Amino acid sequence: MKKKPPKPRKTRETPIAPRLQYAALPWRVDEGNGVEILLATSRDTKRWVIPKGWPMKGRKPHIVAAIEAMQEAGLHGKIEKTKLGDFEYEKRLKGGSSVDCRVEVFSLRVERQRKKWPEKGQRVTYWFPYKVAAQQVDEPLLREIILAFGKAMSA
């Protein structure tokens, strides 16, 4: 009987696929400012971000995005099933390491924000006019998603 050849060993040069996350782009229309986007601060670095999280077994991506929006910012509203787009970022993990993530973004038309929610004490939330929101985020592709969405909704 012939032996199977050994499996090739993974080396550092082997690219690691980005980890997948799902996010909500929370928005509303304000009479004075037009389309506004809600951003929340991240727990560790306090950067302005949109609510996002890891896949949940048995839950569709847009539902996960809606759950994250409620947990991170107390938001309830109408989530769209079709994604607006994707962006990538480097997530910093506890202990100093990091992992590349690809985030699928879903539109969430906010109907209300609760007075209390699970992560309220860990984050700050704020409504920005969409052009200002785009300037607040670090990720260039997220900035493009926000600007394209705001322009489309304002037209």
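Taking 0.36 nm per residue of separation and subtracting the current Cα-Cα distance, fully stretching the chain between K120 and I16 would add 34.1 nm. Between I79, C101, A17, the Cα set farthest toward the positive side of the dipole of the chain (charges on each charged residue's Cβ, about the Cα centre) is that of A17.
Taking the longest Cα principal axis of the chain as reference, the axis of helix 61-73 is set at about 60 degrees. For the chain, a crude dipole built from +1 on the beta carbon of Lys and Arg and -1 on the beta carbon of Asp and Glu, taken about the Cα centre, is about 1160 debye to the nearest 20.
At a Förster radius of 35 Å, what calculated FRET efficiency corresponds to the Cβ-Cβ distance of Q136 and S98, to the nearest 0.05? Provide the component values of the computation, followed by the final result.
Details: r = 21 Å, r/R0 = 0.61.
E(calc), rounded to 0.05, equals 0.95.
List the pairs from K46/K78; K81/K120; K52/K91 whose alpha-carbon separation is above 18 Å, in the order I gave them. Let's see the in-between values first.
Values: K46/K78 27 Å; K81/K120 26 Å; K52/K91 12 Å.
Over 18 Å apart, Cα to Cα: K46/K78; K81/K120.
The list [x] 46, 32, 27; [y] 77, 35, 30; [z] 45, 37, 27 gives values of Cα extents along the principal axes in Å, and only one came from this structure; which label was calculated from it? Recomputing Cα extents along the principal axes in Å here gives the entry labelled [y].
Bear in mind these aren't lab numbers, they're just calculated from the coordinates by the rules spelled out. Keep in mind that what you see is a predicted model, and the values were worked out from it rather than measured. Methodologically, a virtual Cβ is constructed for each residue, glycine included, from the backbone with ideal geometry; neighbour enumeration extends over all protein chains shown.
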